[in-house]
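Read the structure below first, then the notes.
The values are calculated or read from the model by the stated rules, or taken from the named source; none is laboratory data. Predicted model only: the values in this text are computed from it and were never measured. Here the Cβ positions follow ideal geometry from the backbone for every residue, glycine too, while neighbour counts run over all protein chains shown.
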Amino acid sequence: MKKYLIILQQAPFANSQSLEAVELALALAAFAQPVTLLFMAEGVLQLLANQDAELIAQRSFTKAFTGLELFDISAVYADQDALQHYKLASTQLSINPAPISSAQIAELLAKHDIILSL
């Protein structure tokens, strides 16, 4: 069985890629595929709690993060440099991803068969 790593690097509502990444992760997990999520760069902003996409006439998908464990997606990481850059504390996030360093990201990449960066 292939192991998937989905890297989310886009701001939450900048384009449709963020939504597509979440939908892909949930679809893969629904078919019992092992999925890991990694939030990097502006992608960590997707983790902010209480985002209201209706204000910008977008579909709100960030609330789906709170249900990831229902799909057996428990491996969720956030680039600690990006978290620090945006001054994000765990109390501001909708979920609690494991912070990961640049060296650990390289190790994470090596452990996966398929890497999708969106």
Matching residues in segment 77-114 - criterion: being surrounded by fewer than 16 Cβ atoms within 10 Å (Cβ to Cβ), in contact with a strand residue (DSSP E or B) (Cβ under 9 Å, 6 or more places away or on another chain) and β-branched (Val, Ile, Thr): Ile114
Is there a residue being at pLDDT 95 or above, surrounded by 12 or more Cβ atoms within 10 Å (Cβ to Cβ) and either out of contact with any helix residue (DSSP H, G or I) (no Cβ under 7 Å at 6 or more places or on another chain) or not in a loop (DSSP other than H, G, I, E, B) (or both) anywhere in segment 58-76? yes
Considering segment 10-41, residues that are closer than 22 Å to Gln84 by Cα and at pLDDT below 95, and then whichever is surrounded by the fewest Cβ atoms within 10 Å (Cβ to Cβ), we arrive at Ala14
Taking only pairs six or more apart or across chains, which ones have beta-carbon atoms under 8 Å, a first residue in segment 85-107 that is closer than 15 Å to Ser74 by Cα, and a second residue that is hydroxyl-bearing (Ser, Thr, Tyr)? Ser94/Thr62; Ser94/Thr66; Ile95/Thr66; Asn96/Ser90; Pro97/Tyr77; Ala98/Tyr77; Pro99/Tyr77; Ile100/Tyr77
Would you pick out the residues in segment 42-57 that are surrounded by 15 or more Cβ atoms within 10 Å (Cβ to Cβ) and either modelled with pLDDT of 80 or more or over 23 Å from Leu88 (Cα atoms) (or both)? Glu42, Gly43, Val44, Leu45, Gln46, Leu47
In segment 90-118, the residues that are of a type outside the set (Asp, Glu), closer than 21 Å to Lys3 by Cβ and in a loop (DSSP other than H, G, I, E, B): Ile95, Pro97, Ser101, Lys111, His112, Leu118
Total residues in segment 1-34, condition in a loop (DSSP other than H, G, I, E, B), in contact with a Phe, Trp or Tyr (Cβ under 7 Å, 6 or more places away or on another chain) and of a type in the set (A, V, I, L, M): 0
